[in-house]
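K.L.:
Got a structure for you, written out below as structure tokens; questions coming shortly.
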Amino acid sequence: MMRRTHPALSAWAWLVYGFLYLPILVLIIFSFNDSKFGGTWAGFTTKWYGVLLAREDVREALTNTLLVALSSTLISTVLGTLVGLGLWRYSTRFRLPLTFLLVTPIVIPDVVMGVSLLMFYSLVRGGLELTGWTFENGFWTVMFAHVTFQISYVALTVRSRLAGYDRSLEEAARDLGASSVQSFLRVILPLALPGVLAGALLAFTLSLDDFVVTYFTSGSGFRTLPVLIYTSVKKGVTPDINALSTLLVLVTVVAIIAANAIMRPRPGRRGEA
Amino acid sequence: MFKSFRNAQGAETRVLDDIDLDIRKGEFFSLLGPSGCGKTTLLRILAGFEQPDAGAVLIGGRDMTGVPPNLRPVNTVFQSYALFPHLSVYDNVAFGLRQKGIGGAALRDRVGRAMETVRIGDFGTRKPDNLSGGQRQRVALARAIVNEPEVLLLDEPLSALDLKLRKELQVELSNLQETLGMTFVFVTHDQEEALVMSDRIAVMNRGRVEQLGKAEDLYERPRTAFVANFLGQSNLIPGKVQEVSPGGAVVLTEHGLLRTVYGADLSVGREVMLSIRPEKLRMERDDETEGNEVRARVDDIVYTGAENQYLLEANGQRLVAFQLNSDIGADEDFDYEEEVALYLPPASLVILEEG
């Protein structure tokens, strides 16, 4: 039997969720508004999505965003998975400090991350210039900046996925004739895989959505979608930007739902005797 | 063989100290001891998960020291079973053979036979999570024996099961070992389990083998106080050798002179420790003395069903006596505070090595 919820409590819950989601809802609705200016409803249209795709700068920013997101996700997934595996497998006295160091980039304000990366890159550039090499802020700087915060998320998802598994699984594989590489490929990796995929999806959406760190590390010529939205909005909110934001929200939500579905424990999966 | 571990603070603990064991081909050999005695470490050294600091491991005459676990002719049944959760029962059992490159009909045949042997023939498509504890135990067994290892290592495999299932599997395991003729090395802290199943037992304590022998030898003739009390219970009585003859020794104790059939080679005047099992003490009411008798008073009685356990006070020492709960002669039951005569048969009074 369901317990009856107090009406005031459910009203409060609606209020909280409304506060969280109404702005996004308004944004989505107005992306279908047949009016050049926001504020008044002038009928339903999907033309802004067409306008959006026709814009050269949007297409370029989209390509940049996807390239950065895909390559940074690839790198951070490999590195983060290895970190997560290491944290699961080895019990050293460094385990706690290492976990702490992983969580820190998640809670450090983005602005601080952005400024520190900007400084770091100019230091590296200064050092490189002594040898005659140099680089511009752009794709590579943004991409590696994203990797720095993505690794933590991947490592933590992989570790939490493996947390319920006995470390003797690896020994069992070795015992049955598998070399350490084979036991990794045939036992550990398949078990960690949902965590790896979920971590990768999470990393992908984080890169897709990131504005602050990207803004600091992208230089002048390189724009991703969030940066493009920001610079466009400075000139006034236009419906096509609403459409663009709606698309970003959509991709992110789908990715997060997928990540959750992958990670959700199946009933009895970790049942122990 | 020696083995030391360093803990997180860098302090070294010797977990195995001067181990020298010769396990015979085809025997059921048990390593018995309390937790922390080094038995699991010894097993892990045999499996190749740990390396000894000094000494060697030979399997079938070949030196296996330093050989990684995947290249040793041994397989392990883990305490936690360590079944691969992402693989079906069949694929779990087939893992080792596939690793050796065996496939096709030979694989199906051998996996099928191993699963039949441990009676999990119908579970092939199930995942380990959908099995009961006992069934998982059988899968772990099948996964190991299917490889026909020279030695099967079992690390407290029954400890997670309930008592009834444990007893069932004890019998099954020893039958299995006899049928297969495989060498089993079985680690346990359960003395009864070791006694029931093993051909020979090594009792371990603090990294050393205290005594090695058949179950009966260990129980009837323990050599140290540790063995006397770890395998079952014992009454320990200190004393000094008074007289030695070819038929045994006479020891002066707090209870007077006690004769034993052991200790013919001891020197007079030596401090010794006598040990006698509680069920070997005979409680009597009559006063006529025939020697080797101790006056005692019943302090407490514990009824356990099959036997009555009497806690007795004798000359300031606490003794324990078990008397079978037989209906023949119901007047044999003794009361609290009752004065009794305890007869200590000379053949049951063992002399321990350390005084």
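We did not get these values from a lab; they are worked out from the coordinates using the rules stated. For clarity, every value in this text was computed on a predicted model and none was experimentally measured. Glycine gets a Cβ as well: all are built from the backbone with ideal geometry, and neighbour counts include every protein chain shown.
K.L.:
Rounded, prolate or oblate: which fits chain B when a ≥ b ≥ c are the square roots of the eigenvalues of the alpha-carbon gyration tensor, with rounded for a/c under 1.5 and prolate only if a/b beats b/c? Walk me through the intermediate numbers first.
P.N.:
Details: a/c = 2.86, a/b = 1.86, b/c = 1.54.
Prolate.
K.L.:
While we're here: Using the Karplus curve 6.51 cos²θ - 1.76 cosθ + 1.60 with θ = phi - 60°, work out ³J(HN,Hα) for each residue of the stretch B:153-161 in order, rounded to whole Hz, and write x for Gly and Pro.
P.N.:
Result, ordered by residue: 9, 10, 9, 6, x, 9, 5, 8, 9 Hz.
K.L.:
Does the stretch A:1-144 come out rounded, prolate or oblate, given a ≥ b ≥ c as the square roots of the eigenvalues of its C-alpha gyration tensor, rounded meaning a/c under 1.5 and, failing that, prolate meaning a/b above b/c?
P.N.:
Working: a/c = 2.68, a/b = 1.27, b/c = 2.12.
Oblate is the answer for the stretch A:1-144, as a/c is 1.5 or above yet b/c matches or exceeds a/b.
K.L.:
Now a separate question. When 1/r is averaged over all different Cα pairs and the result inverted, which Kirkwood radius in Å belongs to the protein assembly as shown?
P.N.:
On the way: mean 1/r = 0.0320 Å⁻¹.
In the protein assembly as shown this quantity evaluates to 31.2 Å.
K.L.:
Would you be so kind as to identify all helices of chain B, as entire DSSP H runs, whose Cα atoms reach 24 Å or more along the helix's own axis and whose mean Kyte-Doolittle hydropathy is at least -0.5?
P.N.:
Details: long enough: B:163-180 (25 Å, -0.43).
Membrane-span-like by this rule: B:163-180.
K.L.:
Any chance you could give the angle, 0 to 90 degrees and rounded to 10, that helix A:189-209 forms with the longest Cα principal axis of chain A?
P.N.:
On a 0 to 90 degree scale, this one is about 20.
K.L.:
Once phi is turned into ³J(HN,Hα) by the Karplus curve 6.51 cos²θ - 1.76 cosθ + 1.60 with θ = phi - 60°, what whole-Hz value does each residue of the stretch A:245-251 show in order, with x for glycine and proline?
P.N.:
4, 4, 4, 4, 4, 4, 4
K.L.:
Also: From the square roots a ≥ b ≥ c of the eigenvalues of the alpha-carbon gyration tensor of the stretch B:233-352, which class results: rounded (a/c under 1.5), prolate (a/b over b/c), or oblate? Could you put the intermediate results ahead of the total?
P.N.:
Working: a/c = 2.11, a/b = 2.05, b/c = 1.03.
Prolate is the answer for the stretch B:233-352, as a/c is 1.5 or above and a/b outweighs b/c.
K.L.:
Using amide H atoms built 1.01 Å from N in the peptide plane, name the residues 5+ places from B:THR76, or on other chains, whose amide H lies under 5 Å from its own.
P.N.:
Counting only residues 5 or more places away or on other chains, the set is B:LEU153.
K.L.:
Within the stretch B:225-292, report the trypsin sites (Lys or Arg not before Pro) that DSSP leaves as loop and that have at most 14 other Cβ atoms within 10 Å. Walk me through the numbers before you get to the answer.
P.N.:
Working: sites: B:LYS240, B:ARG259, B:ARG270, B:LYS280, B:ARG282, B:ARG285; in loops: B:ARG270, B:ARG285.
Those satisfying the criteria are B:ARG285.
K.L.:
Using only DSSP helix segments of four residues or longer, with each worth -39500 (n - 2.57), what per-residue ellipticity at 222 nm results for the protein assembly as shown after dividing by its residue count and rounding to 500? Can you show the working numbers first?
P.N.:
Numbers: 20 runs with 280 residues, N = 628.
Mean residue ellipticity at 222 nm (helix-derived): -14500 deg cm²/dmol.
K.L.:
Where does helix A:110-129 land angle-wise versus the long Cα axis of chain A, in degrees 0 to 90, nearest 10?
P.N.:
That works out to roughly 80 degrees.
K.L.:
Given R₀ = 35 Å, what would the calculated FRET efficiency be for A:SER180 paired with B:SER35, taking r from the Cβ atoms and rounding to 0.05?
P.N.:
Numbers: r = 29 Å, r/R0 = 0.83.
Calculated transfer efficiency: 0.75.
K.L.:
Could you tell me the distance between the Cα centroids of the stretch A:67-102 and the stretch B:109-123, to the nearest Å?
P.N.:
Centre-to-centre distance over Cα atoms comes out at 41 Å.
K.L.:
From the C-alpha gyration tensor of the stretch A:57-263, pull out the three semi-axes of the equivalent ellipsoid (sqrt of 5λ each), sorted largest to smallest, in whole Å. Please report the intermediate quantities before stating the final value.
P.N.:
Working: eigenvalues 248, 94, 41 Å².
For the stretch A:57-263, the semi-axes come out at 35, 22, 14 Å.
K.L.:
Now, a different point. Take the stretch B:34-106, compute every pairwise Cα distance, and split them into 5 Å bins from 0; I just need the percent in each bin.
P.N.:
3, 13, 19, 19, 17, 14, 10, 3, 1, 0
K.L.:
Something else now. Give me the distance between the Cα centres of the stretch A:200-217 and the stretch B:201-277, rounded to whole Å.
P.N.:
Result: 76 Å between the Cα centres.
K.L.:
Near the amide H of B:THR183, under 5 Å away, which other amide H atoms are found, from residues 5 or more places off or on another chain, if H is placed in the peptide plane?
P.N.:
Under 5 Å from the amide H of B:THR183: B:GLY26, B:LEU152.
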